[in-house]
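In what follows, a single structure is set out as structure tokens and then discussed.
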Amino acid sequence: MKIASQDNPAVAGKTADTRPVKLACRNVWKLYGSGASEFIQRRNGKASSAELVEAALIGAARAVDLEIRQGEIFIIMGLSGSGKSTLVRCMSRLVEPTYGRVEFEGKDLLSISEAELIELRRHRMGMVFQNFALLPHLNVLENIAFPLSIQGVDRAGREARAREVIELVGLRGREHFYPRELSGGQQQRVGIARSLSTKPEIWFLDEPFSALDPLIRREMQDELMRLQSVLKKTIVFITHDFDEAIRLADRIAIMKDGEVIQVGTPEQLVVSPATEYVAEFTRDVQRAKVISARSIMRPAGKAQHAGTVSPDARVASFSAEIIAARKPFAVANGSGKPIGEVTPEAVIDLLAGIDRGRASA
């Protein structure tokens, strides 16, 4: 029996990501308060929490260093007030950073002119926020075509493009509905379609599904993954829901008090939390949804194998089968060569939350 690996291949233990860096933050600060710019300039981009308190400044983003690679879904997480929305707005210069560099394909966005920034936002960036922000007096077709009218695209051209993305997000037949006539999920699809109408290269999504009920939210997550499989966008996605993050993310950055505490794949954050805060943040995650076969495999023995799994397959994707088989599964790489095996006992221990190494210590 062959068990397929999970949709998202980014897990601990894989080779380094060689995709080019699309967007980067280099020591980015956003401070609020009197004299904030002079304060951080005098300190060459370095300041402690105590120094911020003494200067009566609030550090909404503090010394943030990130690299987001082309085509990845990069999720930023944190509790309310952690600075995640501020950071994303700094990335697009909707909020002006106080210090540091924000690089888009290596070019510092803080050094470009207002006209260049407007052009970049209109043609290469897309944004979707928790508030759908649809124009109530425009129908679906007109809402989606609106950004193209700002660009000066003629009516025939913008309506043709709007119909393309309407088809893409599954809204065909509702072109002439008004926002008040749509469900919450349909309204969010309009928001997504509108942001895609300009064919952006990078897509900022700020808690786009948090206002939706759980069933529609999961449907929209599935829709996002489907769109990404087709479009291959670079996506920066904000959420406070770790279950949502592990479904969608290639990598996750966890923020606290304006600082990025740790960046890693969902598996890396769960298996190797950098701080107690990250450990607490991930404590209630269903580990079988995150941990891969690679992480719990052992060297292959002589026992007969009841099935084969990819090293990157999440345990939840094959746990029922291996427990029912009561025999190990081989773990095979892309060429089909076995690199180890997973036993039913290892899977049962993971599901039960038992750490044999700690128990025997």
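The values are calculated or read from the model by the stated rules, or taken from the named source; none is laboratory data. Just so it is clear, the structure is predicted and the values come from calculations on it, not from any experiment. Don't worry about glycine lacking a Cβ; one is built from the backbone with ideal geometry, like all the others, and counts go over all protein chains shown.
The sole residue among Leu66, Leu120, Leu57, Leu134 that is in contact (Cβ under 8 Å) with a residue 12 or more places away in the chain and over 27 Å from Thr239 (Cβ atoms) is Leu57. Within the stretch 165-174, the set of residues being within 16 Å of Leu196 (Cα to Cα) and either assigned to a loop (DSSP other than H, G, I, E, B) or touching a residue at least 60 places away in the same chain (Cβ under 8 Å) (or both) comprises Leu168, Val169, Gly170, Leu171, Arg172. Condition test on Arg218, is it modelled with pLDDT under 90, under 16 Å from Ser92 (Cα atoms) and of a type outside the set (A, V, I, L, M)? For Arg218, the condition - modelled with pLDDT under 90, under 16 Å from Ser92 (Cα atoms) and of a type outside the set (A, V, I, L, M) - is not met.
Condition check ((1) closer than 23 Å to Glu244 by Cα; (2) within 31 Å of the chain's Cα centre (by Cα); (3) outside the structural domain of Asp243 (by TED's automatic domain parsing); (4) surrounded by fewer than 20 Cβ atoms within 10 Å (Cβ to Cβ)) across all residues:
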{"residue": "Pro299", "(1), (2), (3), (4)": "no, no, yes, yes"}
{"residue": "Val315", "(1), (2), (3), (4)": "yes, yes, yes, no"}
{"residue": "Ile322", "(1), (2), (3), (4)": "no, yes, yes, no"}
{"residue": "Gly334", "(1), (2), (3), (4)": "no, yes, yes, yes"}
{"residue": "Pro338", "(1), (2), (3), (4)": "no, no, yes, yes"}
{"residue": "Glu345", "(1), (2), (3), (4)": "no, no, yes, yes"}
{"residue": "Gly353", "(1), (2), (3), (4)": "yes, yes, yes, yes"}
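Among the candidates Val165, Val153, which residue alone is surrounded by 15 or more Cβ atoms within 10 Å (Cβ to Cβ) and over 24 Å from the mean Cα position of the chain (by Cα)? Being surrounded by 15 or more Cβ atoms within 10 Å (Cβ to Cβ) and over 24 Å from the mean Cα position of the chain (by Cα) holds for just one of Val165, Val153, which is Val153. Within the option set Leu227, Leu171, Leu205, being farther than 15 Å from Gln130 by Cα, modelled with pLDDT of 90 or more, buried (at least 18 other Cβ atoms within 10 Å of the Cβ) and not polar (S, T, N, Q) holds for one residue only, Leu171.
Considering the stretch 259-361, the qualifying strands (runs of 3 or more DSSP E), each wholly inside and each with 3 or more residues that are under 30 Å from Lys84 (Cα atoms) and aliphatic (A, V, I, L, M), run over 259-264.
Inclusion of Arg194 among residues that are surrounded by 14 or more Cβ atoms within 10 Å (Cβ to Cβ), basic (Lys, Arg) and touching a Gly at 6+ places or on another chain (Cβ under 9 Å) is warranted.
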